[in-house]
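Report on the following structure.
A short reminder: the numbers here are calculations on the coordinates, not readings from a lab. It should be emphasised that the depicted structure is a prediction, and the values quoted were computed from it without experimental measurement. Methodologically, a virtual Cβ is constructed for each residue, glycine included, from the backbone with ideal geometry; neighbour enumeration extends over all protein chains shown.
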């Protein structure tokens, strides 16, 4: 996506999310009053992020195809609480839909983080066959046991990069003692401890202020999140580590899903899964231009040798530890797509 195209996309996103998300919350009075099922969808990302843009389009399509029977209201940017708060709410049925990283979901469903093993995937040619194939199906089966309904297509968050206010990360040794924010997830903490870093688990809603006040030196996120959350304002360096691929499971509360008629379930699933595929394409196109865009914002980029980082993880016992935790079945399915991990 060229710079002009990216600006058009973001302008389009702004119009949809600032105007239409407000409408979904407050302006669809006629639909909301007549809707048989008034449902809440919550997430932690800014309104302008492709995930919210595509979710809004899906909600509109669902409302139209169900003749107003289903009205999905969207609450972005942690409006309904932190990740852990919203996960609790979707389990109780207070929130009907929620998108969450599998690595954060792993605090409830340990197997949900298996796709996030450090430096497992080289590129999307490995990711999508895995997540649309046996690995995704394996994870969804475990999520369902927690009385949550995961939709078939996982949404893209992207390959994660490390940003810093103090120094670029060029080699494993650069992470020693590095104070880095990580999401609330055992795998993230374990990964950076394996490099002798100092990871701090902080909810996404608090990341900007934690970086601004130097509680932590750095963080790690996909470029689209670094851009839409304006993390470049409080960071100087961006190291293109691609250390982990991360996606968002679009979850329905088990209680909500069970009370929806089968015909409405089918309509909702169709549009949510289609939106996921569109969002994947948005992230792909954005990633093609975001490095150039973020350089104009002042971020200094560098690349790394992934083999050096894999070797460090193997030496630390990281892969052996997590193979034991996940078990041989899960590890074999992962390595079917990633190749041997040590």
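Stokes-Einstein diffusion coefficient for the range 293-342 at 4 °C in a medium of 1.567 mPa s, Rh from the Kirkwood formula over Cα pairs: what value in µm²/s?
99
Expressed in whole Å with the largest first, what are the equivalent ellipsoid semi-axes of the range 127-268 derived from the C-alpha gyration tensor as the square root of 5 times each eigenvalue?
34, 16, 14
Please identify, among 50, 328, 186, the residue showing maximal mean-square fluctuation in a Gaussian network model of the chain using a 10 angstrom Cα cutoff.
328
Over the Cα atoms of the range 51-175, what radius of gyration and what Dmax do you get, in Å?
17.2, 58
Length gain on complete extension for the stretch residue 308 to residue 336, per 0.36 nm per residue less the alpha carbon to alpha carbon distance?
Once the chain is fully extended between residue 308 and residue 336, it gains 7.8 nm.
Taking only the alpha-carbon atoms of the range 228-342, what semi-axes of the equivalent ellipsoid follow from 5 times the gyration tensor eigenvalues under a square root, in whole Å, largest first?
Its equivalent ellipsoid spans semi-axes of 33, 27, 13 Å.
What is the order of 152, 220, fewest Cβ neighbours within 10 Å to most?
Ordered by Cβ neighbours within 10 Å, fewest first: 152, 220.
If each residue's Cβ is checked for other Cβ atoms within 10 Å, how do 307, 65 rank with the fewest at the top?
Taking fewest neighbouring Cβ atoms as first place, the list is 307, 65.
Where both partners of a DSSP beta bridge lie in the chain, what percent of those bridges are antiparallel, to the nearest 5?
55
Run the numbers on the chain and let me know its relative contact order in percent, using alpha-carbon pairs under 8 Å that are six or more apart.
Over the chain, the number comes to 24 percent.
Give me the Kirkwood hydrodynamic radius of the chain, using the inverse of the mean 1/r over all pairs of distinct Cα atoms, in Å to one decimal.
Averaging 1/r across every pair of different Cα atoms and inverting gives 20.5 Å.
How large are Rg and Dmax for the range 120-171 when only the alpha carbon atoms are used, in Å?
15.4, 44
Tell me what the chain gives for mean residue ellipticity at 222 nm when only DSSP H runs of n ≥ 4 count, each as -39,500 (n - 2.57), the sum divided by the residue total, rounded to 500 deg cm²/dmol.
-14000 deg cm²/dmol
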